[in-house]
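The values are calculated or read from the model by the stated rules, or taken from the named source; none is laboratory data. In this text the structure is predicted, and so the values were computed from the model without any measurement. No Cβ is skipped: glycine too gets one built from the backbone with ideal geometry, and neighbour counts run over all protein chains shown. Just so you know, the surface numbers come from the protein's heavy atoms only, side chains and all, with ligands and any DNA or RNA stripped out. Shrake-Rupley method; radii C 1.70, N 1.55, O 1.52, S 1.80 Å.
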Amino acid sequence: MNVFGKILVLTIVILTGSAALAGEPMKAKIVILATGGTIAGAAATGVQAGYTSGEVGVETLIGAVPQLSELADISGEQVANVGSQDMSDEVWLLLADRVNTLLASKDVDGIVITHGTDTIEETSYFLNLIVNSDKPVVMTAAMRPATALSADGPLNIFNAVAVAADAEAKGRGVLIVINDDIHGARGMTKTSTTDVQTFVSAERGLMGATLYGENRYYRSPYRTHTSASEFSVEGIKVLPRVDVIYISAGVSPDLIDAAVDNGAKGIVTAGVGNGNMTGDALQALERARAEGVVVVRSTRVTSGTVGRNVETDDDAMGTVASGELNPAQSRVLLKLILTKTDDPAKVQAYFNKY
Ligand code: ASP
């Protein structure tokens with residue numbers, strides 16, 4: 001190389017370096033996977049309660065937030081477009097496959113998933129258990145449809161991308177960014193049917209908070225998740241059936257028998273108090289246990305834990321106590337556990353670990 005060639009190479013190196021020094025580092029590459037929900041919902045006017053979920057596509061969601069390009073290089077994919085009341089094992093398996101494939105690529109730094117609020121606590125916990133990467137996976141949603149006056153979706157998407165592009169979000173499991181809060185997947189639940197401030201992480205608190213993309217983190221996940229998890233759905237086409245039975249005073253015990261007769265491999269009870277239920281319901285669960293059905297006692301109460309052998313003799317019944325997991329998240333965990341074991345002692349150990 002002659003002296004002019006050397007000067008040219010040096011000039012390019014200096015210019016490239018000065019771009020980085022000038023505060024223009026490589027932007028994170030974030031993929032937005034859209035699944036529907038109110039965030040993609042539409043109504044005839046901006047001020048009405050009635051609307052249809054999953055009407056707007058991923059390109060429109062991204063187009064509504066031009067500021068995203070300041071945070072990251074963005075691409076989008078439509079995985080589904082449903083109200084999350086219709087979220088299913090099929091979509092979960094599709095999403096799991098897409099998330100794990102994308103995160104295995106060096107060209108993807110993080111993922112944002114847009115979703116309905118109704119079952120986001122289930123999808124996020126499912127992904128928290130089967131994603132095989134420490135890269136950020138951030139879910140977001142909205143309580144107001146895209147067409148509403150003061151729609152909350154666009155800022156939630158902005159904040160979700162800001163967290164997904166943040167190196168500090170790595171290794172914290174699947175996160176849900178909504179209404180300026182950062183929740184961990186485990187333990188978050190929807191508490192209001194219509195309020196914008198609906199999500200609460202009652203037992204362990206928020207994972208962090210964000211304000212126009214300025215993120216703060218308060219804690220790390222307290223249970224095993226993502227890359228350290230033993231669960232995988234690779235090659236699995238169907239997940240075992242698990243039914244949730246809501247317990248009330250005078251509950252009809254034949255609901256439990258019906259679940260067993262219809263092929264449930266697991267039952268989660270949304271019990272009263274500390275996972276309690278009527279004597280008749282306990283007898284129905286004994287019949288279920290005799291058929292080899294795994295029974296997890298959770299609670300319809302919105303905070304606190306369900307402990308082993310408190311008012312129900314789990315050791316004698318062969319039942320499992322859900323600890324802090326609510327019925328919906330207990331169902332998710334039990335479906336995955338049943339791909340490995342139906343031994344109640346091992347199931348309890350999984351509930352204690354995940
Ligand atoms: N039903 C809607 C859904 O879960 C509610 C929402 O997204 O806020 O898709």
> Any idea which of T198, T224, T191 is over 23 Å from N159 (Cβ atoms) and touching a residue at least 24 places away in the same chain (Cβ under 8 Å)?
Replying inline: T224
> Can you pull out the residues in the stretch 182-193 that are open to solvent by 30 Å² or more (accessible area, probe 1.4 Å), out of contact with any helix residue (DSSP H, G or I) (no Cβ under 7 Å at 6 or more places or on another chain) and not in a loop (DSSP other than H, G, I, E, B)?
Replying inline: none
> Taking helices (runs of 4 or more DSSP H) that do not extend beyond the stretch 29-115, which have at least 1 residues that are buried (at least 22 other Cβ atoms within 10 Å of the Cβ), basic (K, R) and at pLDDT 95 or above?
Replying inline: none
> Since A160 meets every condition but one in (1) within 15 Å of the chain's Cα centre (by Cα); (2) not in a helix (DSSP H, G or I), which condition does it not meet?
Replying inline: (2)
>> So in the stretch 86-115, with the set limited to residues that are farther than 18 Å from V58 by Cβ and polar (S, T, N, Q), which one is farthest from the ligand (Cβ to nearest atom)?
In response: S105
> Quick one: is T147 over 18 Å from V31 (Cα atoms), touching a residue at least 24 places away in the same chain (Cβ under 8 Å) and polar (S, T, N, Q)?
Replying inline: yes
> A349 fails exactly one of the following numbered conditions: (1) out of contact with any Leu (no Cβ under 7 Å at 6 or more places or on another chain); (2) within 20 Å of T119 (Cα to Cα). What is the number of that condition?
Replying inline: (2)
> Going through the stretch 145-155 one residue at a time, which ones are closer than 25 Å to A72 by Cα, within 12 Å of the ligand (Cβ to nearest atom) and either open to solvent by 10 Å² or more (accessible area, probe 1.4 Å) or not in a helix (DSSP H, G or I) (or both)?
Replying inline: P145, A146, A151, D152
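Rundown of residues vs (1) touching a His at 6+ places or on another chain (Cβ under 9 Å); (2) within 26 Å of M87 (Cβ to Cβ); (3) surrounded by 14 or more Cβ atoms within 10 Å (Cβ to Cβ), yes/no style:
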{"position": "V238", "(1), (2), (3)": "no, yes, no"}
{"position": "P253", "(1), (2), (3)": "no, no, yes"}
{"position": "D257", "(1), (2), (3)": "no, no, yes"}
{"position": "G271", "(1), (2), (3)": "no, yes, yes"}
{"position": "L285", "(1), (2), (3)": "no, no, yes"}
{"position": "V293", "(1), (2), (3)": "no, yes, yes"}
{"position": "T302", "(1), (2), (3)": "no, yes, no"}
{"position": "G307", "(1), (2), (3)": "no, no, yes"}
> So which residues in the stretch 116-135 are in a loop (DSSP other than H, G, I, E, B) and either open to solvent by less than 10 Å² (accessible area, probe 1.4 Å) or within 16 Å of the ligand (Cβ to nearest atom) (or both)?
Replying inline: G116, T117, D118, T119, V131
> Does A316 meet the test of being over 30 Å from G235 (Cα atoms), open to solvent by 30 Å² or more (accessible area, probe 1.4 Å) and either at pLDDT 95 or above or over 26 Å from the mean Cα position of the chain (by Cα) (or both)?
Replying inline: yes
>> Anything in the stretch 65-81 that is in contact (Cβ under 8 Å) with a residue 12 or more places away in the chain and more than 16 Å from the ligand (Cβ to nearest atom)? List them, or say none.
In response: V65, Q67, L68, L71, A72, D73, I74, S75, G76, E77
